Amino acid sequence: MKKKIILTGIRPTGNLHYGHLFGACQNWLKLQDEYVFYLEIADVQALTDNFHSPNKVHSNVFELTSDLLSIGIDPKKVHIFVQSQIPEIAELTVFYSNLVTMARLYRNPTVKTEIAQKKALFGNDGESVTYGFVGYPVSQAADITAFKGELVPVGEDQLPLIEQCREIVRKFNSIYGEVLKEPEPYLSKTPRIKGLDGNEKMGKSLGNAIFLVDDEETISKKVMRAVTDTQKIKKDDPANPEVCMVYYYHKLVNQENVDVVCEECKKGARGCVQCKKELIEKMNEFMKEIREKKQYYREHPEEVLRILENGTKEARSVAISTMRDVKKAMQIDYFERGE
Ligand code: TRP
Ligand code: SF4
């Protein structure tokens, strides 16, 4: 049976953290064996929010890629590519932009939420919201359809973008003929990973994230500050692990001992300091191999570059073929018609 095509993207705006790893990325590691997998480093999309910081986006393309390689994304199985280096995506974006109304874009829940966040952040009435930003769902539809993506692994917050992509595909096909593939979202079953402070979301800007590039000292400091059961004052007070972030992280990296941690905590047979130290040790164990690989890629940046270059070349050949079909359907294939 023919393998289905999976496509997903990630913005190069920072290093991977536990939220990425235990959320999306572990899912990707499984999918890479089962599907034809395109993984887009979405630098053009990152620029919609960071157009004034080209250096940040540039360096994060390499940082993010080497993070992804370090956690086990295998370039022999996954086409890792750079969005900006596939001009067909930009071309498609232009053609799709006629198929979407401004009203529909403003109604997109993801765009709506992000605009509200920007307004709150910059304290204006949205005048700084750019055309490129409002249009990014169109560009994301181009990301997906350029590679005839059938399944798109995303988090729940991205569902409105997939829906918008499906609408664009239907509209395109109804006007120009059945050329594009309507993708389906592939929701990962893993819940969102909470921050060390108990916040529902982990993020760089929230200051509650553990990054895969954090060294032992940083990990130690962060875990020592993590939120525990605030009712527990003394070392031998019984406590409730379910409200404790240290227990939450034991569940992620210390599965073999998690029942013991839970029981001892409930009985008051475990002090928080000891419990945190054990967690730190487990985290370091868990990250040992990732750190080694990351170090390797730091020392071999040319290898990361080559992987991106190859992945982009492979991906581009598919985008070129899609573009040919699209131009033919839209009757803008002037020089290939032999008239
Ligand atoms: N918008 C996605 C995010 O912020 C990243 C992304 C870019 C993406 N292009 C994509 C996701 C295509 C799925 C498909 O997480
Ligand atoms: Fe949390 Fe461990 Fe303290 Fe229990 S003993 S409250 S699980 S840190």
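Residues V57, V100, V82, V61: which one is buried (at least 17 other Cβ atoms within 10 Å of the Cβ), in contact with a Ser or Thr (Cβ under 6 Å, 6 or more places away or on another chain) and not small (G, A, S)?
Numbers: V57 fails: in contact with a Ser or Thr (Cβ under 6 Å, 6 or more places away or on another chain); V100 fails: in contact with a Ser or Thr (Cβ under 6 Å, 6 or more places away or on another chain); V61 fails: in contact with a Ser or Thr (Cβ under 6 Å, 6 or more places away or on another chain).
Checking each option against the conditions leaves just V82.
Determine which single condition K148 fails, assuming it passes every other condition in (1) touching a residue at least 24 places away in the same chain (Cβ under 8 Å); (2) of a type in the set (K, R); (3) open to solvent by less than 50 Å² (accessible area, probe 1.4 Å).
Just one mismatch for K148, condition (3).
Among the listed residues A209, A226, A239, A269, which satisfies the condition of being within 16 Å of ligand 1 (Cβ to nearest atom) and not assigned by TED's automatic domain parsing to the domain that holds G72? Show your work before the answer.
Working: A226 fails: within 16 Å of ligand 1 (Cβ to nearest atom); A239 fails: within 16 Å of ligand 1 (Cβ to nearest atom); A269 fails: within 16 Å of ligand 1 (Cβ to nearest atom).
Criteria check complete, one pass: A209.
Before we move on, is K267 more than 17 Å from G195 (Cβ to Cβ) and basic (K, R)?
Numbers: more than 17 Å from G195 (Cβ to Cβ): yes; basic (K, R): yes.
Taking the combined requirement at face value, the residue satisfies it.
Any residue in region 100-123 that is free of Cβ contacts under 8 Å to residues at least 12 places away in the same chain and in contact with a Lys or Arg (Cβ under 7 Å, 6 or more places away or on another chain)?
So far as region 100-123 goes, no, none of its residues is free of Cβ contacts under 8 Å to residues at least 12 places away in the same chain and in contact with a Lys or Arg (Cβ under 7 Å, 6 or more places away or on another chain).
Just to be sure, is K171 open to solvent by 60 Å² or more (accessible area, probe 1.4 Å) and under 30 Å from T228 (Cβ atoms)?
Considered against the rule, which asks whether it is open to solvent by 60 Å² or more (accessible area, probe 1.4 Å) and under 30 Å from T228 (Cβ atoms), K171 comes out as no.
Would you tally the residues in region 247-267 being within 9 Å of ligand 2 (Cβ to nearest atom) and more than 25 Å from the chain's Cα centre (by Cα)?
So the count comes out to 6.
Pick from I290, I307: which is in the same structural domain as F147 (by TED's automatic domain parsing), open to solvent by less than 40 Å² (accessible area, probe 1.4 Å) and part of a helix (DSSP H, G or I)?
Working: I290 fails: in the same structural domain as F147 (by TED's automatic domain parsing).
Result of the check over I290, I307: I307.
The values are calculated or read from the model by the stated rules, or taken from the named source; none is laboratory data. Note that the coordinates shown come from a computational prediction; the quantities given were computed from them, not determined experimentally. Positions of Cβ are backbone-derived with ideal geometry, glycine not excepted, and every protein chain shown enters the neighbour counts. Keep in mind that these areas ignore ligands, DNA and RNA; they rest on the heavy atoms of the full protein, side chains included. Shrake-Rupley method; radii C 1.70, N 1.55, O 1.52, S 1.80 Å.
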